[in-house]
1. Given the Cα-Cα distance of residue 115 and residue 141 and 0.36 nm per residue of separation, how much length would full extension add, in nm?
2. Taking Rh as the Kirkwood radius computed over C-alpha pairs, what is the Stokes-Einstein D of the range 191-239 at 4 °C in a medium of viscosity 1.567 mPa s, expressed in µm² per second?
3. Anyone know which of 24, 206, 144 comes out most mobile in the 10 Å Cα GNM of the chain?
4. Quote to one decimal, in nm, the extra length available between residue 17 and residue 104 on full extension: 0.36 nm per residue of separation minus the C-alpha distance between them.
5. Given a 10 angstrom Cα cut-off, can you work out which residue in 23, 182, 40 is the most mobile in a GNM of the chain?
6. Just to confirm the number: angle between the C-alpha axis of helix 2-19 and the first principal axis of the chain, 0 to 90 degrees, nearest 10?
7. Nearest 10 degrees, 0 to 90: what angle lies between the long axis of helix 142-152 and the longest principal axis of the chain (Cα atoms)?
8. Based on DSSP H runs of at least 4 residues, each adding -39500 (n - 2.57), what is the mean residue ellipticity at 222 nm of the chain after dividing by all its residues, to the nearest 500 deg cm²/dmol?
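Please treat every number below as a calculation from the coordinates, not as lab data. Source: prediction; values computed, not measured. Every residue, glycine as well, gets a Cβ built from its backbone with ideal geometry; the counts of neighbours run over all protein chains shown.
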Ligand SMILES: [Zn+2]
């Protein structure tokens, strides 16, 4: 609750600063607008875009696409899990075959969202791109899900994965742990693990080639201008 309250306070403060004529010298790559700053959430003082609400990871994805570091396969098929980032729904839904999906479709106001359980994802070889941001920490068996994603991709297809990270090794839990205990250990009541940098090993173990793209590797001026943060795990099913 404190986190959410802080979010509203700093969002309001940014509106006031803007109204008082503060110079909009930062930019959001998710909505393309100039902003006077970004609002705080949790312990990140520059978390959200005051215009569109985009998080650091949503801004990172948009910047990587605009910079040509990532290509959205618009002629192909995209499976978009937990489609709650509006800017990415707009970009991905331009694809010839766009499938937005979640275990609980009612949570997303996106047309055509279908129910999908990644534990039972079909080995279709259908997709050119699989996108899941903050999904893997919710699934009961991530080793199995990574293998499922591999088999759902075409050879040469890519999975773009973002997860909450800490610096320690991954700590696994299960749904047998009470929700309150999961919130304490994994940061949220419906998370069953907390990932560390060794998430990379799990991705490779499923057969993927992996590139890690960390916001820290981006030019500091660009990173500051857009307040970019987070790390993308770009996994590729070998051709
Ligand atoms: Zn924005």
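1. 7.5 nm
2. For these conditions, the coefficient is 104 µm²/s.
3. Comparing 24, 206, 144 in a Gaussian network model of the chain, the most mobile one is 24.
4. Numbers: separation 87, 0.36 × 87 = 31.32 nm, distance 3.84 nm.
Taking residue 17 through residue 104 to full extension adds about 27.5 nm, to one decimal.
5. The residue that fluctuates most here is 23.
6. It works out to around 50 degrees.
7. 80
8. Calculated from helices alone, the mean residue ellipticity at 222 nm is -8500 deg cm²/dmol.
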